[in-house]
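Peer 1: Okay, handing you the structure first.
The values are calculated or read from the model by the stated rules, or taken from the named source; none is laboratory data. Just so you know, these numbers come straight off a predicted model, no measurement behind them. Backbone-built Cβ (ideal geometry, glycine too); neighbour counts: all protein chains shown. Accessible surface areas use protein heavy atoms only, side chains included; no ligands, DNA or RNA. Shrake-Rupley method; radii C 1.70, N 1.55, O 1.52, S 1.80 Å.
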Amino acid sequence: MAAKAPRAWILKSEPDTFGIDHLAALKDKTTLWDGVRNFTARNNLVAMEIGDRGFFYHSSCAVPAIVGEMKVVEKAIPDESAFDKKSPYFDAKSKREKPQWFSPRFKFVKKYPFELDRETLKAAGLGKSLLFTSFRLSVIPLTDAEVKIIEKLIAERLKN
DNA sequence: GCCAACGTTGGC
DNA sequence: GCCAACGTTGGC
């Protein structure tokens with residue numbers, strides 16, 4: 001059997017706080033995905049492997065949409081912000097000896113010259129995706145079929 | 001800004 | 001270990 005292909009995820013972030021432009025503007029264009037405080041999302045972050053694709057999704061904004069792509073460049077390490085009393089993400093229950101929260105590192109790949117909004121994603125067949133059925137989940141695994149749908153949308157948009 | 005959905009906490 | 005209360009997310 002061939003090596004397992006990298007998998008793909010959708011990662012939500014608020015563009016006002018940390019959007020894809022923030023990531024692209026960083027010198028090394030990489031970031032630790034920290035501050036996630038939800039167990040399901042955490043488990044997904046921990047499951048990520050180097051090379052996995054991350055679709056960058058802008059949430060809580062005028063047009064929630066997939067706006068670009070990242071890739072995992074480092075597996076999850078303990079989330080330092082949970083140890084920092086001054087951080088809004090501080091969590092007294094996460095100890096250095098026994099961390100609760102983890103962050104993989106992502107690198108910017110590209111920003112699309114278009115946005116794939118919810119209406120577009122749903123119309124293309126992603127209505128059954130966790131993006132819609134578990135709408136509060138901020139780190140969402142994608143099936144191969146779902147990735148194909150997104151890739152097709154991207155190819156179509158690039159042609160026009 | 002509203003509020004539904006739903007994950008998490010805490011009392012029992 | 002149940003479940004009500006609470007807090008947060010995130011679309012609209």
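Peer 1: Could you list all residues from region A:108-152 that are open to solvent by 50 Å² or more (accessible area, probe 1.4 Å), within 16 Å of DNA strand B (Cβ to nearest atom) and touching a helix residue (DSSP H, G or I) at 6+ places or on another chain (Cβ under 7 Å)?
Peer 2: The one that is open to solvent by 50 Å² or more (accessible area, probe 1.4 Å), within 16 Å of DNA strand B (Cβ to nearest atom) and touching a helix residue (DSSP H, G or I) at 6+ places or on another chain (Cβ under 7 Å): A:Lys122.
Peer 1: Given the condition farther than 20 Å from A:Thr17 by Cβ and assigned to a strand (DSSP E or B), answer yes or no: does some residue in region A:90-98 qualify?
Peer 2: Checking region A:90-98: not a single residue is farther than 20 Å from A:Thr17 by Cβ and assigned to a strand (DSSP E or B).
Peer 1: Please enumerate the residues belonging to region A:43-54 that are open to solvent by 20 Å² or more (accessible area, probe 1.4 Å) and either more than 16 Å from DNA strand B (Cβ to nearest atom) or closer than 20 Å to A:Gly19 by Cβ (or both).
Peer 2: Within region A:43-54, A:Glu49, A:Ile50, A:Gly51, A:Arg53 meet the criteria.
Peer 1: Looking at (1) modelled with pLDDT of 95 or more; (2) crowded, with 20+ Cβ neighbours inside 10 Å, which is the one condition that is false for A:Lys75?
Peer 2: Result: A:Lys75 passes all but (2).
Peer 1: Looking at (1) open to solvent by 80 Å² or more (accessible area, probe 1.4 Å); (2) of a type in the set (Ser, Thr, Tyr); (3) in a loop (DSSP other than H, G, I, E, B), can you tell me which one A:Thr17 breaks?
Peer 2: It is condition (3) that A:Thr17 fails.
Peer 1: Does region A:13-24 contain any residue that is away from DNA strand C (no atom under 16 Å from the Cβ), within 14 Å of A:Phe102 (Cα to Cα) and in contact with a strand residue (DSSP E or B) (Cβ under 8 Å, 6 or more places away or on another chain)?
Peer 2: No: region A:13-24 contains no residue that is away from DNA strand C (no atom under 16 Å from the Cβ), within 14 Å of A:Phe102 (Cα to Cα) and in contact with a strand residue (DSSP E or B) (Cβ under 8 Å, 6 or more places away or on another chain).
Peer 1: Now for a different question. Could you run through region A:8-42 and say how many residues are free of Cβ contacts under 8 Å to residues at least 24 places away in the same chain, over 22 Å from A:Ala62 (Cα atoms) and within 16 Å of DNA strand B (Cβ to nearest atom)?
Peer 2: 1
Peer 1: Quick one: how many residues across region A:119-149 are closer than 30 Å to A:Asp79 by Cα and assigned to a helix (DSSP H, G or I)?
Peer 2: In the first step, residues of region A:119-149 are kept if they are closer than 30 Å to A:Asp79 by Cα; the result is A:129-144, A:146-147.
Subsequent filtering for residues that are assigned to a helix (DSSP H, G or I) retains A:130-133, A:144, A:146-147.
Of the residues in region A:119-149, 7 are closer than 30 Å to A:Asp79 by Cα and assigned to a helix (DSSP H, G or I).
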